[in-house]
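Just below is one structure, and these are the notes that go with it.
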Amino acid sequence: MPFCKRLFDLLFLFFAFIILSPVIFVTAILVYIFLGTPILFKQRRPGYKGRPFFIYKFRSMQNATDRNGNPLPDSERITRFGRLLRSLSLDELPELFNILRGEMSFVGPRPLLMEYLTLYSPEQARRHDAVPGLTGWAQVNGRNAVDWSARFKMDVWYVDHWSLWLDLKIIFLTVWKVISREGINQEGQSTVEYFKGEP
């Protein structure tokens with residue numbers, strides 16, 4: 001990660017913690033009340049150059065299982081409260097600690113699942129030439145309304161055109177889209193469906 005980008009992340013993180021600490025605290029309490037423990041969800045994701053790290057989020061789904069002990073589909077486990085968390089992007093707040101540790105940046109391609117690493121084309125894999133982000137160029141240009149092929153192209157475009165001004169623009173647009181809730185409820189093609197059909 002370029003030094004100036006890391007410095008920007010740390011400075012922005014300082015103010016983000018001051019502003020968002022009450023929101024993080026209240027959200028954690030609400031997750032405990034509505035979903036119980038654990039409050040946080042963690043999962044291995046590919047970081048810079050595909051190196052794995054654990055991403056942290058607030059839980060948005062119940063631990064419901066079928067009679068054989070297997071988790072029910074996400075659509076059956078997510079609650080109305082969980083949908084609200086996701087629509088407001090509050091479930092993403094614990095990723096601030098990933099930024100503090102240098103595993104993520106405020107802006108960069110969103111980290112997907114480890115099992116997709118072998119499925120990217122060489123061009124798509126270039127999205128891992130940047131540190132993954134809390135938000136990104138693809139998220140402010142359609143979010144769930146565009147297919148994965150277009151999202152991957154936008155991720156690579158970001159890698160090739162990165163600048164601090166671009167990061168500031170993406171952060172500003174992200175705040176606006178979260179407030180306006182633009183591009184959140186559209187149904188898009190799942191990543192699994194994309195990889196089954198294209199690479």
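The values are calculated or read from the model by the stated rules, or taken from the named source; none is laboratory data. Computed from a prediction, not measured in an experiment: that's the story for all the values here. Methodologically, a virtual Cβ is constructed for each residue, glycine included, from the backbone with ideal geometry; neighbour enumeration extends over all protein chains shown.
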Filtering region 140-173 down to residues that are at pLDDT below 90 and under 14 Å from the mean Cα position of the chain (by Cα), which residue is surrounded by the fewest Cβ atoms within 10 Å (Cβ to Cβ)? ASN144
Do any residues in region 32-51 that are in contact (Cβ under 8 Å) with a residue 12 or more places away in the chain have Cβ atoms under 6 Å from those of residues that are charged (D, E, K, R) and in a strand (DSSP E or B), where the two are at least six apart or on different chains, and which pairs are they? PHE41/LYS57
Residue list for region 88-114, filter: assigned to a helix (DSSP H, G or I) and closer than 22 Å to MET154 by Cβ: GLU92, GLU95, ASN98, ILE99, MET114
Scanning region 101-144 residue by residue, those closer than 20 Å to SER87 by Cα, of a type in the set (A, V, I, L, M) and in contact (Cβ under 8 Å) with a residue 40 or more places away in the chain turn out to be VAL107, LEU112, LEU134
Complete set of residues in region 7-48 that are modelled with pLDDT of 95 or more, surrounded by fewer than 18 Cβ atoms within 10 Å (Cβ to Cβ) and basic (Lys, Arg): ARG44
GLU123 farther than 21 Å from PHE41 by Cα, of a type in the set (Asp, Glu), surrounded by fewer than 21 Cβ atoms within 10 Å (Cβ to Cβ) and at pLDDT below 95: no
